[in-house]
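Every read-out reported here was derived from the displayed coordinates using simple, explicitly stated rules and does not represent laboratory data. Note that the structure is a prediction, hence the values are computed from the model and not measured. Using ideal geometry, Cβ is built from the backbone for each residue, glycine included, and neighbour counts are taken over all protein chains shown.
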Amino acid sequence: MNFWDILDWLAFAVTLAGVWQLSSHKKSGFIISGFASFIWAAVGFHSNLTGLAVLNILLIFIYLRGYIKK
């Protein structure tokens with residue numbers, strides 16, 4: 001298992017934690033989910049999955065907006 005495989009699973013776990021927090025109506029869910037999107041974007045760029053990377057960059061801005069508005 002290499003670094004990028006571990007990072008992929010880390011992004012998976014952090015995404016679950018962020019969604020859990022968001023479903024509990026906690027503001028920290030936006031921060032956790034934004035961090036997970038950052039990891040997913042890095043994995044996407046490394047794996048030449050541009051769609052995944054761009055999607056997660058846009059999601060970071062959406063989570064930032066949600067954090068500010070909440």
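Among residues belonging to the range 4-20 that are more than 10 Å from the chain's Cα centre (by Cα) and of a type outside the set (A, V, I, L, M, F, W, C), point out the one that is farthest from F35 (Cα to Cα). Per the stated criteria, the residue is D5. Within the range 31-45, identify whether any single residue is more than 14 Å from L59 (Cα to Cα), out of contact with any strand residue (DSSP E or B) (no Cβ under 9 Å at 6 or more places or on another chain) and crowded, with 18+ Cβ neighbours inside 10 Å, and answer yes or no. Yes; the residues of the range 31-45 include at least one that is more than 14 Å from L59 (Cα to Cα), out of contact with any strand residue (DSSP E or B) (no Cβ under 9 Å at 6 or more places or on another chain) and crowded, with 18+ Cβ neighbours inside 10 Å. Comparison of L52, L64 shows that the only residue that is of a type in the set (A, V, I, L, M) and within 13 Å of T15 (Cβ to Cβ) is L52.
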